[in-house]
Structures are given as C-alpha cells and as structure tokens.
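The values are calculated or read from the model by the stated rules, or taken from the named source; none is laboratory data. Quick caveat: nothing in here was measured; it's all calculated off a predicted structure. A quick note on method: Cβ atoms are made from the backbone with ideal geometry, for glycine too, and the neighbour counts reach across all protein chains shown.
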Amino acid sequence: MARVLLTGGAGYIASHTAVVLLERGHEVILLDDFSNAERDVPARLERLTGHNLPVIEADIRDSEAVSAALAAQPVAAVIHFAALKAVGESEADPLRYYDMNIIGTIRLLEAMQAGGVARIVFSSSATVYGQPDSSPIPEHAPTRVQNIYGRTKLVMEDLISDLARTGKLRAAANLRYFNPVGAHPSAMIGETPRGVPNNLMPYLTQVATGRRPCLNVFGTDYATPDGTGVRDYIHVMDLAEAHALALEHILAHDVALTVNLGTGIGISVLEMVQAFERATGRAIPLNISPRRPGDVASYYANPAMAERIFGWKARLNIEDMCRDAWRWEAAKAGINDV
Ligand SMILES: NC(=O)c1ccc[n+]([C@@H]2O[C@H](COP(=O)([O-])OP(=O)(O)OC[C@H]3O[C@@H](n4cnc5c(N)ncnc54)[C@H](O)[C@@H]3O)[C@@H](O)[C@H]2O)c1
C-alpha cells in the first residue's frame, strides 16, 4: 500500500479517486489551491470514508510549497489532476492556460525530482485526438489538437513521456479520459461546474432541477443513428477505479503508458436524455439548435489497452450515470423525492 499525493485533490475526479484509493488501503494527501473546488470537500471526504485526509493548500506552480509538502510526507507517487480545463476559456486566454497547465506541470515535476518521487499518473484527455478519422479511437490514432486546452494536455503528456524515456521518471501513466459524468452514489461528492455547464450531464441535471428551462441539442443531422452527437460517457467511479489500478501498475512496474479510459460505447445526446428521464422520472424539455462549429459526430474509445495492461474495464452503465448524477444535483438543490 502506498502514500500518494493528489494534485487538484479537492476537484471532481480527484475526490472520487481519493475514495477508491482509501478503500483499497492507500494513504492519500490532497494538494489544491481551491481555485475550482469547494472548501468543504476534504471534510465531506473524511465523513464519507472515515479516514483522516491531510490537505495542503498550495498552487502547483509554487515548487517550494510542493517540495516542502513532499519532504514532510514522502510519497510513492503523484496523481496529477490540477489543471484549468475549459476549452472556451483556453482560447480566450492562452497564456493563462500555458502558465497553469504547462508551467505548473514543469514546476511539479521539478519538485518531484528534487524530492525523489519518480512515479506519476496524469489526467490527460481524449481531446488530444481532435477530429478522429473514425471511432472507436485507439491510443495510436493521430493526435490533432484543436484548441489551447488540448494543446496543453498534449504538451503535458509529452513532458511526462520525455522524462520517463530519459530515466528521470521511473514510471508514468498518461490517462486519456473520454467524458466523465456521474457522482459517488452517496451524493456527498460530485461535480460543481461554475456558471453555465459546458457538458451535457451537468446541464441535463440543472434542467431537471428547474434551474435551466431546457436542454439545447446542438445538431440533429449528424451521420449517427438518431442524428445527434455520439460520445463515450464514463462514470466517475469507474474512472476513479482506473486511477487506482493504473497507480498500482506503475508502482509495481517501471513503465510509461498512454491509455484511453472510456467505456467503448457511443451514446447519443437523445439516448442520454431518454436514459435520464427513465432513471429519474423527470421530463427534459429540449431545444433543437444548429450544430456547433468544431463538434464531431461520433467520438468513442477503444478501451482494450487499459484492460490488457492493468485489468480495468468500465462496469457502470448510462442508467447508473444518470441516477448518480441526479442524486448529487438533487441533493444540492434540496430535492428529496429521488
Ligand atoms: N472533467 C472532465 O470532463 C475531464 C475530461 C478530461 C480530462 N480532464 C482532466 O482531469 C483533471 C481533473 O478534472 P476535473 O474535472 O476533476 O476538474 P476540477 O476543476 O474539478 O479539478 C481540478 C482541481 O485542481 C485545482 N487546481 C486548479 N489549478 C490549481 C493549481 N494551480 N494548483 C493547485 N490546484 C489547482 C482546482 O481547485 C480543482 O480542485 C484535469 O486535469 C482535467 O483537465 C477532465
């Protein structure tokens, strides 16, 4: 069992990963600057898991603070979640994204090197594939970044892969997530997007609470079975489990991996809406809108490599995703008939 530092540890995916790591007997330290996390996430995690969770409030670009944290409590590995992640924002303010994501990762890697921490799991994204030739998308598909956010993810992957290739890191796993959704079934942690959600599921749940009048469906004339865009949605608890398995793999082997994390099943917008209505009993009004520039018709993973290398396979389906996303949103909105 290992002690692990989670950068961005109070965020959406990291908080769920912390739960799984603690359940599997690991020791977890959270490092976050709380720029995009609620202050009480660590306390909620402690209530949920019954474990004490050390929290370091620091910016990953502050190498001194990160080095001090690593010196105070040496760790076997870092799982690096901290990043800015909004595509539109990245196009509006590229330098901020380069600074936070790329410079931040360099500062973190420096602090790890100084502290003798040579293993990292990294939150990458399927966005690095850009417009793929076809789906399912394997890891060897060409990378074609289409925006600044995607560029930063690819550069961060490359930095990590280079350090592994040159022996500065002993093991590394770049995990390319498809579309994480859902929440812990307890509804004690989940996703809290700021402002208007960019992604389907949080928008859907906010329509269901009445906070937004209807769901915009962008494009119904794609070459997909029902004409709406197809994506690979993955339950955040499955994603969390994948982090634990990837971590355990890189603790046991000196390897450098780049691996897709998706279900391998393409789900259309309308299929997701119908699943949500079934799982929650709430009707979702739709507003059919034109396609958005840059959107791809169909985008889903070939997840075979993760299964072959570290024995991971997504287990939860879209009903589970809808039920748990709704429980979380309803709990926040004070709705009790869930
Ligand atoms: N959610 C998705 O759809 C998705 C998809 C693919 C990849 N990813 C990647 O997964 C990672 C986690 O995403 P998430 O959805 O949990 O996001 P999130 O915003 O909920 O989590 C990121 C956390 O990092 C913290 N943070 C940001 N800048 C920091 C800094 N300079 N120093 C310390 N902490 C900082 C934030 O406060 C937040 O708690 C990100 O790297 C993101 O790019 C997310």
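In the range 325-337, of all residues being of a type in the set (A, V, I, L, M) and in a helix (DSSP H, G or I), the one that is surrounded by the most Cβ atoms within 10 Å (Cβ to Cβ) corresponds to A325. A2 satisfies every condition listed in (1) in contact with a helix residue (DSSP H, G or I) (Cβ under 7 Å, 6 or more places away or on another chain); (2) within 15 Å of the ligand (Cβ to nearest atom); (3) modelled with pLDDT of 95 or more except (2).
Those strands (runs of 3 or more DSSP E) of the range 1-70 in which 2 or more residues are charged (D, E, K, R) occupy 27-32. Taking each residue of the range 75-89 that is part of a strand (DSSP E or B) and looking for partners that are charged (D, E, K, R) and more than 12 Å from the ligand (Cβ to nearest atom) with beta-carbon atoms closer than 9 Å, six or more apart or interchain, yields A77/R3; A77/R119; V78/R119.
Considering the range 80-107, and only residues there that are among the hydrophobic types (A, V, I, L, M, F, W, C) and out of contact with any helix residue (DSSP H, G or I) (no Cβ under 6 Å at 6 or more places or on another chain), the residue that is surrounded by the fewest Cβ atoms within 10 Å (Cβ to Cβ) turns out to be L95. Please verify whether the range 106-121 includes one or more residues that are within 21 Å of the chain's Cα centre (by Cα), over 20 Å from G11 (Cβ atoms) and away from the ligand (no atom under 13 Å from the Cβ). Yes; the residues of the range 106-121 include at least one that is within 21 Å of the chain's Cα centre (by Cα), over 20 Å from G11 (Cβ atoms) and away from the ligand (no atom under 13 Å from the Cβ).
Summed over the range 162-206, the residues that are among the small types (G, A, S) and either under 15 Å from A14 (Cα atoms) or not assigned by TED's automatic domain parsing to the domain that holds E139 (or both) give a count of 6.
Scanning the range 20-44 for residues that are more than 6 Å from the ligand (Cβ to nearest atom) and of a type in the set (D, E, K, R) yields E23, R24, E27, E38, R39, D40, R44. Exactly one residue out of R61, R39, R47 is more than 21 Å from Y177 (Cα to Cα) and touching a Gly at 6+ places or on another chain (Cβ under 9 Å), and it is R61. Pick from T7, T17: which is closer than 16 Å to A244 by Cβ, buried (at least 24 other Cβ atoms within 10 Å of the Cβ) and within 15 Å of the ligand (Cβ to nearest atom)? Being closer than 16 Å to A244 by Cβ, buried (at least 24 other Cβ atoms within 10 Å of the Cβ) and within 15 Å of the ligand (Cβ to nearest atom) holds for just one of T7, T17, which is T17. The criterion of at least 2 residues that are of a type in the set (V, I, T) and touching a strand residue (DSSP E or B) at 6+ places or on another chain (Cβ under 9 Å) is met, among strands (runs of 3 or more DSSP E) falling completely within the range 233-324, by 256-261. Among the residues making up the range 304-338, a single one is at positive phi and touching a His at 6+ places or on another chain (Cβ under 9 Å): G311.
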